[in-house]
Structure formats: structure tokens, C-alpha cells
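The values are calculated or read from the model by the stated rules, or taken from the named source; none is laboratory data. Note that this is a predicted model, so its numbers are computed, not measured. With ideal geometry, Cβ positions are generated from the backbone for all residues, glycine too; neighbour counts draw on all protein chains shown.
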Amino acid sequence: MNEQVIKLSDNAAKRIKYIMSKAESSAVGVRVGVKSGGCAGMSYVMEYAKEIKPNEEVIEDKGVKVLIDPTAVMYLLGTEMDYKEEKFSSQFIFKNPNETERCGCGESFKV
């Protein structure tokens, strides 16, 4: 058994469950990927997944399904996904051991 690409905190799993309960019934899970951009070079992307694409990593953890874009796997290996709610903002947080640099706003990173 390979190590999971991403581990979910209880808060993240709870939030994804909530999001999925509000999603269209055609959504099978949440897709996580990375894209170029942001002040440090790369940023995280999340979207509803309507189907599982070939070669995607499928992680089923704490009752939710997270699909990892195959091009993102090497950037996300060992990452813990958390969800933080504060007074004025709430967001998913990626604790990624591969990051060498993160911008001040926390939106982008470098590996």
C-alpha cells in the first residue's frame, strides 16, 4: 500500500462532506490540483469532480473522496489538507512538506 498523497484533517473532511452535500448530485468528489501562478510560482486548485479521470489518484479518507490531478501528485506527496475557520475568513490549508517557499498571502508556493 503506497502512502496516501494527501491526508485529510477531521476539519477538512467535515467541510468537504458539507460542500458535497450542497453540490450537484453529479459530483463524485473534490479534485485537487496545482497550477502555475501566484507570487511564489504555483497555487492550489480545488473543484468539483464530475468523473474520475484516467490516472487520477483517488483518496477515500474519513468518508470523502478526493481526486488528485496526476500532474499534481509529485507536488502534493505527503501533504495534509486542513480547513480553518476564522472570524473573517475560512479556507482550506495545505501543509505541504515539499514547499520550499510560500508567499505571504499563503495562496501560492514553490517546491
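Side notes on the structure shown:
- Hits in the stretch 6-50 - residues which are in contact with a Phe, Trp or Tyr (Cβ under 9 Å, 6 or more places away or on another chain) and aromatic (Phe, Trp, Tyr): Tyr44
- Residue list for the stretch 67-80, restricted to those being buried (at least 16 other Cβ atoms within 10 Å of the Cβ), farther than 20 Å from Lys22 by Cα and touching a strand residue (DSSP E or B) at 6+ places or on another chain (Cβ under 7 Å): Ile68, Asp69, Ala72, Val73, Tyr75, Leu76, Thr79
- For beta carbons closer than 9 Å, sequence separation of 6+ or different chains, a first residue in the stretch 35-53 that is on the phi > 0 side of the Ramachandran plot and a second that is of a type in the set (A, V, I, L, M), the qualifying pairs are Gly41/Val111.
- Candidates Asn55, Asn11, filtered to the one that is farther than 27 Å from Arg102 by Cα, of a type outside the set (A, V, I, L, M) and at pLDDT 90 or above: Asn55
- Qualifying positions in the stretch 81-111 - loosely packed, with under 15 Cβ neighbours inside 10 Å, within 24 Å of Lys62 (Cβ to Cβ) and at pLDDT 75 or above: Lys84, Glu85, Glu86, Ser89, Ser90, Gln91, Lys95, Pro97, Asn98
- Filtered residues of the stretch 35-51 (kept if among the hydroxyl-bearing types (Ser, Thr, Tyr) and either in contact with a Leu (Cβ under 7 Å, 6 or more places away or on another chain) or at pLDDT below 90 (or both)): Ser36, Ser43, Tyr44
- Hits in the stretch 24-66 - residues which are surrounded by fewer than 15 Cβ atoms within 10 Å (Cβ to Cβ) and of a type in the set (A, V, I, L, M): Val45, Ile52, Val58
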